[in-house]
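Worksheet: the structure to be examined is printed underneath.
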Amino acid sequence: MAKLALLAVIASLVGAVSCEFPVYAGYGFPRPNPNLPYRFRPPVYYPPASPAPGLRVGYYTHMGRCPQAEKIVREVVEKATAGEKAGLIRLFFHDCFVQGCDGSVLLSGADTERTAFPNLSLRGFEVIDAAKAALEKACPGVVSCADVVAFAGRDASYSLSSGRINYRVPAGRYDGKVSRAADTFQNLPPPFGDLNLTTAMFAAKGLSQDDMVVLSGAHSIGRSGCSSFPDRLPPAANSSTAMETKLAQQLTRTCSAGSSINVLQDALTPDKLDIQYYTNVLSRNVLFNSDASLTTSSETEGLVEFYAGKRPFLRGKFLGPIQWNHDFEDAMVKMGYIGVKTSAEGEIRNTCAFINKP
Ligand code: HEM
């Protein structure tokens, strides 16, 4: 007990020293200089990229808008396959990073986001359409597609984590009317990106480097096309982040059949949203350079070790593998605030793939 108490005191001191103070950030805010060692970098708090225009937990229950909305989405998502569920989590990320969380990724048509290369492998659209169809029957014209994506991302996380990840989703987003393929490349971090690039692209959305490390844990589920990591094969000699030899050999064989072949992101627990990802990062059993580069700064490596359970505490927090669930929940909520649209800027689409007819 005495030892525990001592640890708690030390932890609270560490927490106090590294505590973050608010510095307002957003688009164009000067970012922390990634070339400076961590101890010289001012701690930065990144609030949502734009102020939340009236998002609230229980939005559809409030004033009887559509009290069964979240239940309807949950029931549809529960029936989806594990692959579709992985796709739904990624769909939420790709929606929020391009034009904000406004359902723009769902729009069909020439040169929409959906047609851009990073989005060609997205899955889960049919789950969103099924949920939206059920919602339109129950409460026509009330629930936005952007909110359906946010609810579905939460429900998929809940299911793939066996209930360990469970959070309340602030809702009330409106659907956007603009979707451009060209926007995807500027806004979605590429798999070959290094730590500086990925950190900067998250910062541009009001998300911190910690958020990035936490959310990358979603790479403990789902799949990737071989076309997403050609830079990693064969593994670069003398590189501290090169892919682990056995995995590289195996993927070289598998991917020789064509770049459209898909492989698992986490061969050990492919359908479990869990902290296996962080162990994989440390042993270089990860597909992308963006994953592997998390070990290239002491700050991100420390967090990876903490979540993997290799460090007993970090910055006043204990039990990294459990803490990761909570941090993932918080980061998903935070991501859900990016570029949210109001009724003045958006609409409630009738069908998620098309904007409403005037
Ligand atoms: C850190 C920057 C990130 C990069 C560079 C990145 C890149 C990628 C790439 C290239 C794929 C494989 C696509 C394919 O070839 O099929 C992928 C899959 C996936 N990503 Fe990310 N991602 C990042 C962050 C995230 C975040 C923040 C989330 C969600 C919170 C996420 C969730 C997923 C999921 C679930 C899959 C598997 C999808 C499926 O099986 O259909 N990723 N990611």
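Helices (runs of 4 or more DSSP H) fully within region 244-308 that include at least 2 residues being touching a Leu at 6+ places or on another chain (Cβ under 7 Å): 245-255, 276-282, 298-308. Would region 221-230 turn up any residue that is more than 9 Å from the ligand (Cβ to nearest atom) and under 14 Å from Pro191 (Cβ atoms)? Yes: one or more hits.
Restricting attention to region 203-220, the residues that are part of a helix (DSSP H, G or I), open to solvent by 10 Å² or more (accessible area, probe 1.4 Å) and either more than 9 Å from the ligand (Cβ to nearest atom) or touching a Pro at 6+ places or on another chain (Cβ under 9 Å) (or both) total 2. Across region 237-260, the number of residues qualifying as surrounded by 13 or more Cβ atoms within 10 Å (Cβ to Cβ) and either aliphatic (A, V, I, L, M) or not assigned by TED's automatic domain parsing to the domain that holds Ala308 (or both) comes to 5.
For every residue, the table says whether it meets (1) surrounded by 18 or more Cβ atoms within 10 Å (Cβ to Cβ); (2) more than 15 Å from the ligand (Cβ to nearest atom); (3) touching a residue at least 60 places away in the same chain (Cβ under 8 Å); (4) not assigned by TED's automatic domain parsing to the domain that holds Ser259.
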residue: Asp95; (1), (2), (3), (4): yes, no, no, yes
residue: Gln99; (1), (2), (3), (4): yes, yes, yes, yes
residue: Val105; (1), (2), (3), (4): yes, no, yes, yes
residue: Ile128; (1), (2), (3), (4): yes, no, yes, yes
residue: Ala131; (1), (2), (3), (4): yes, yes, no, yes
residue: Leu135; (1), (2), (3), (4): yes, yes, yes, yes
residue: Gly141; (1), (2), (3), (4): no, yes, yes, yes
residue: Leu160; (1), (2), (3), (4): yes, no, yes, yes
residue: Gly172; (1), (2), (3), (4): yes, yes, yes, yes
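Any residue at all in region 226-236 that's without any contact (Cβ under 8 Å) to a residue 40 or more places away in the chain, out of contact with any helix residue (DSSP H, G or I) (no Cβ under 9 Å at 6 or more places or on another chain) and either loosely packed, with under 15 Cβ neighbours inside 10 Å or aromatic (Phe, Trp, Tyr) (or both)? Within region 226-236 (the criterion being without any contact (Cβ under 8 Å) to a residue 40 or more places away in the chain, out of contact with any helix residue (DSSP H, G or I) (no Cβ under 9 Å at 6 or more places or on another chain) and either loosely packed, with under 15 Cβ neighbours inside 10 Å or aromatic (Phe, Trp, Tyr) (or both)), the answer is yes, since at least one residue qualifies. Of all residues assigned to region 321-334, at least one qualifies as being of a type in the set (Val, Ile, Thr), outside any loop (DSSP other than H, G, I, E, B) and more than 15 Å from the ligand (Cβ to nearest atom).
Quick grid of which residues meet (1) open to solvent by less than 40 Å² (accessible area, probe 1.4 Å); (2) closer than 22 Å to Pro191 by Cα:
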site: Thr295; (1), (2): yes, yes
site: Ser298; (1), (2): no, yes
site: Phe306; (1), (2): yes, no
site: Met335; (1), (2): yes, yes
site: Ser343; (1), (2): no, no
site: Thr351; (1), (2): no, no
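Can you find a residue that is away from the ligand (no atom under 12 Å from the Cβ) and not in a helix (DSSP H, G or I) anywhere in region 182-198? Checked region 182-198: no residue is away from the ligand (no atom under 12 Å from the Cβ) and not in a helix (DSSP H, G or I).
Checked against the criterion of being under 23 Å from Met63 (Cβ atoms), assigned to a loop (DSSP other than H, G, I, E, B) and more than 10 Å from the ligand (Cβ to nearest atom), the candidates Arg168, Arg164 yield just one match: Arg168.
Phe151 meets each of the listed conditions (1) under 25 Å from Ala204 (Cβ atoms); (2) within 20 Å of the chain's Cα centre (by Cα); (3) of a type outside the set (Gly, Ala, Ser) apart from (1).
The values are calculated or read from the model by the stated rules, or taken from the named source; none is laboratory data. If you're wondering where the values come from, they're calculated on a predicted model, not measured in any experiment. So basically every Cβ, Gly included, is an ideal-geometry build from the backbone, and we count neighbours across all protein chains shown. Heavy atoms of the whole protein, side chains included, go into the accessibility calculation; ligands, DNA and RNA do not. Shrake-Rupley method; radii C 1.70, N 1.55, O 1.52, S 1.80 Å.
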